[in-house]
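The values are calculated or read from the model by the stated rules, or taken from the named source; none is laboratory data. This is a predicted model, so every value here is computed, not measured. Here the Cβ positions follow ideal geometry from the backbone for every residue, glycine too, while neighbour counts run over all protein chains shown. We work out accessible area using only protein heavy atoms, side chains counted, and drop any ligands, DNA or RNA first. Shrake-Rupley method; radii C 1.70, N 1.55, O 1.52, S 1.80 Å.
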Amino acid sequence: MILVSSANGAIGIDGVWKHFSEGLDALSAVERATWFVEDNEEDNSVGRGGLPNLDGEVELDASIMDGTTRSAGAVAGLKGYRHPISVARAVMEISPHVLIVGEGAARFAKEIGAERADLLTEKAAKIWREGLESLPEGLSGEILKKAKALTQDPDKAVGTVNFLAIDSKGKMASAVSTSGWAWKWPGRAGDSPVIGAGNYCDARFGAAACTGFGELSLRASTARTIVSYLSQGATPEEAGVRALLDLKDLDVDPSSMIMHSVIIGADGSHAAVSTDEKALYAWRDESCSSTQIERRIHVAV
Ligand code: ASP
């Protein structure tokens, strides 16, 4: 039995651990753990409090995957709903689809009676306004340039939450939720809602999820690649390191080479890797009396 998350998910592990240790299944555990982060207004990268897109609107991406059946559900560009992860779960369980975006995602959320929320906080709006201060209006070339510069500020632009779990019955699940890059182009979808890019779970081998510049993991199918390496016998650490090294020759600005992955193996082993020397992750299993925060393995790319 184990729960692993990006460092900002520690509150979610703490929040669900009691129920999880008493038998809550992996899928519900990753969904409910995500709720804590989606509700955390201090976190500017997930749910309410998330930083908005270029137009000042918070657009949420989320995905969930059941490793036992490899069923998956996701939403992208969802506006106005408190728990995108639960809308993603409903996409998986109720609809015949895997990914629903934009207006269609909002219509689906309404249809299932998902809870609405005002996602933009004053703090997030202030950060957004400050970033846009020098943006000339109406010049689309300039807007694109400025948007690019803003979205490449790693201190402000990125953040997302990942959860991976194996429950007491050996079932495995993964969840990812984000408001995506701050100042992103309206309608831009990142890796978080894309199964294989930001999230992948296969109970036979393990699971992986990503945070960082989603355009990298979209191009390299990073989460699926990690699970493929696991299926070939790599440990979570080896699989994660290899997948980040796979990013090395993508032609990107070095400041955009930011990727972090959390990984579990089918046997409950776990690791986390990052292009950032200081990045952390969180985990807890039945041997721990509290959530552990650990340094990720640094991969220089
Ligand atoms: N991966 C997310 C995205 O590209 C952002 C992040 O993880 O920081 O939208």
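How much net charge surrounds residue 110 when only other residues with a Cβ under 12 Å from its Cβ are counted (Lys, Arg +1; Asp, Glu -1)? That sum, taken over residues with Cβ under 12 Å, equals 0. Once backbone amide H atoms are built at 1.01 Å from N, residue 280 has 7, 296 as its partners under 5 Å, excluding neighbours fewer than 5 places away on the same chain.
Rounded to whole Å, the principal axis extents of the Cα atoms in segment 1-117 read 41, 35, 21, largest first. The listed residues 133, 22, once ranked by accessible area (1.4 Å probe) with the largest placed first, stand as 133, 22. Pairwise inverse Cα distances across segment 1-66, averaged and inverted, put the Kirkwood hydrodynamic radius at 12.7 Å. Relative contact order for the chain: 22 percent, from Cα pairs under 8 Å spaced at least 6 residues apart, divided by residue count.
Taking the accessible area of segment 184-259, probe 1.4 Å, and keeping the other protein chains in place, the carbon and sulfur fraction comes to 51%. Excluding ligands, DNA and RNA, the accessible surface per residue across the chain is 42 Å² with a 1.4 Å probe.
Give me the Kirkwood hydrodynamic radius of segment 39-83, using the inverse of the mean 1/r over all pairs of distinct Cα atoms, in Å to one decimal.
That comes to 11.6 Å for segment 39-83.
From its DSSP helices (H runs of at least four residues, each -39,500 (n - 2.57)), the chain gives a residue-normalised ellipticity at 222 nm of -10000 deg cm²/dmol. I need to check one value: relative contact order of segment 163-207, counting alpha carbon pairs closer than 8 Å and at least 6 residues apart, in percent. Normalised by residue count, the contact order of segment 163-207 is 37 percent. A compact globular protein would have a Cα radius of gyration near 2.2 N^0.38 Å; the ratio found for segment 144-294 is 1.03. The P(r) of the chain has a tail past 24 Å containing 46 percent of all C-alpha pairs. Here the spin labels are modelled as points 7 Å beyond Cα on the Cα-Cβ line, and at residue 204 and residue 255 they lie 4.4 nm apart. Considering only 184, 110, 79, the Gaussian network model of the chain with Cα springs below 10 Å gives its largest mean-square fluctuation to 110. Between residue 133 and residue 248, the distance separating the two model label sites (each 7 Å from Cα on the Cα→Cβ line) works out to 4.1 nm. Go ahead and run the numbers for FRET between residue 237 and residue 185, Cβ-Cβ distance against an R0 of 30 Å, rounding to 0.05. Calculated value: 0.30.
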